[in-house]
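Chemist: Sharing a structure, written as structure tokens. Questions coming.
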Amino acid sequence: MTHTPGSGRAEQAARIAATPWYRQLYVQVLVAIVIGVVLGWRWPDLATDMEPIGTTFITAMKMLIGPIVFLTIIGGIAGVADLRKVGRTGVKALVYFQAGTVVALVTGLVAINVFRLGDGVHADPASLKTSGDAGQYISQGEHQHWWEFLTGIVPNSVFGPFVGGNILQVIFLAVVFGIAVKMVGKTGESIIAAVGRLTEVVFKVLSFVMKAAPLGAFGAMSYAIGKFGLSTLTSLGSLIVLFYATSALFVVLVLGGVLALYVRLNIFQLFRYFKEEFWLILGTSTAEPALPGLMRKLQFMGAERSTVGLVVPTGYSFNLDGAAIYLSPATLYIAQATDTSLSLGGQLGLLAVMLLTSKGAAGVAGGGFIALTATLSTVGSVPAAGIMLIFGIDKFMSECRALVNFFGNAVATLSVAKWENGLDLERARAVLAGEVGVPSPAAQDEPGFGSDAPVIVPSAARGAEAAS
């Protein structure tokens, strides 16, 4: 779709300037989170009844993730002149993902070895009783093999991945269909055009669903605080603080270092750019609702559509930095708390297993716990029942895992895009500096989206945006 540059910029600037601060999505989500915390703290019984509000919003978002990933990947592949570039981008992404997982696991391993928070607990594994969701996760993890995430890539049917919400299988189908459409030549041109039109429709539906984001954050946060209580935070507060501090250092130093030294962008500006997604993840405890926004905004920054469409969805299954940081300290904490001695060689063996089991932490409820149990069951030296020691605080650690995963995937996509010469750095810097407007959920139809030419916002509009 074409736009008149002058009129498009004026419309976008006017739209930014005319939006008051209280109508900004991230402000509404933040207020909803605060209200949810207060409700859960003061009236826990009423707060737990708010669960359907949060789960309904998350379900509505998950309903759209499959079609968005499928259509975006097909559109991206169709727009690539040389199909070899698709394979090259995929290989580079997997190399980056694995390197990031190693660094994240080592970071968590060093942190728990330095502070050794489990020493002195002296928990008896035989006395730890598993029940409820924890028992279900342990059972599922004990029967999950490290190689299942590979064999599960191929779906049983074409529609199965969309029904079950298996993003990895959706990616597989999209890549196969995208390559096929590209290779049939003129026959596929009408299909590519239809994919483009259908993508616009799906993103318009997304804009409708995103209006309910504050309600979703309110329902999820109310239920979490009402169900588990603020007292749960104090029972193992030191482990929570260690995990959050380690995660923050990883994001700022490791991810920020990669972004600054290689991509030449600022991690703190990236935080500001993704503030809406930040609060949405914090409120819902999952990064999935923020996936469409991440893809949309990265493309708006100047990253090639084909790179974004391939790297971001794949990263949601393979690039789980937050889950990796969680797995190593959680495993070592359980070992220390149950007086299980692990040598340096034993810890390195755990790390090797976690490189594989961490890939199974995405796309399923309790994925982090299932991956943790799978790790303990594979190694055998640390009792799997020990996860009951940390089950109560897992809900309060899931937000941090999701946030780290989110920013890890943002940095990964920008890095791979730069690696593939598919990133407009001038535009990216202008966007992060606030000189270019932020795309709305229907950004496919906005001036500047997916193009190389920045849409510079006049200083008056820029000031209004900064004030919000």
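The values are calculated or read from the model by the stated rules, or taken from the named source; none is laboratory data. Note that this is a predicted model, so its numbers are computed, not measured. Backbone-built Cβ (ideal geometry, glycine too); neighbour counts: all protein chains shown. Keep in mind that these areas ignore ligands, DNA and RNA; they rest on the heavy atoms of the full protein, side chains included. Shrake-Rupley method; radii C 1.70, N 1.55, O 1.52, S 1.80 Å.
Chemist: Need one number: nm distance between label points at S238 and L355, each 7 Å from Cα along Cα→Cβ, rounded to one decimal.
Modeler: Result: 3.2 nm between the two label points.
Chemist: Would you mind checking which residues have amide H under 5 Å from A303's amide H? H placed 1.01 Å from N; only 5 or more apart, or other chain.
Modeler: D424
Chemist: Now for a different question. Mean 1/r over all different Cα pairs, inverted: what Kirkwood radius does the range 291-362 give, in Å? Don't skip to the end; give the middle numbers.
Modeler: Working: mean 1/r = 0.0697 Å⁻¹.
Across the range 291-362, the inverse of the average 1/r is 14.4 Å.
Chemist: Another question, if that's okay. Over what distance in Å are the Cα centres of the range 61-113 and the range 162-191 separated?
Modeler: When both Cα centres are located, 17 Å separates them.
Chemist: On a straight-distance basis, which lysines could pair with K204 in a cross-link, Cα separation under 24 angstrom, same-chain partners fewer than 8 positions away excluded?
Modeler: Result set, ordered by chain and number: K62, K275, K297.
Chemist: Using a 1.4 Å probe over the heavy atoms of the protein chains, calculate the carbon and sulfur portion of the accessible area of the range 317-359 as a whole percent.
Modeler: Details: 720 of 1060 Å².
For the range 317-359, the apolar C and S fraction of the accessible surface comes to 68 percent.
Chemist: Roll a 1.4 angstrom probe over the protein heavy atoms and tell me the percent of accessible area of the range 259-305 that is carbon or sulfur. Numbers along the way, then the final one.
Modeler: Working: 880 of 1470 Å².
Looking at the range 259-305 in its full context, I get 60 percent from C and S.
Chemist: Arrange the residues R305, R197 by how much accessible surface each exposes, largest first, with a 1.4 angstrom probe. All intermediate terms of the calculation are to be shown ahead of the outcome.
Modeler: Values: R305 80, R197 160 Å².
Of R305, R197, the descending order of accessible area is R197, R305.
Chemist: Using a Cα-Cα cut-off of under 18 Å, which lysines could be cross-linked to K395, ignoring same-chain neighbours fewer than 8 residues away?
Modeler: Filter leaves K227.
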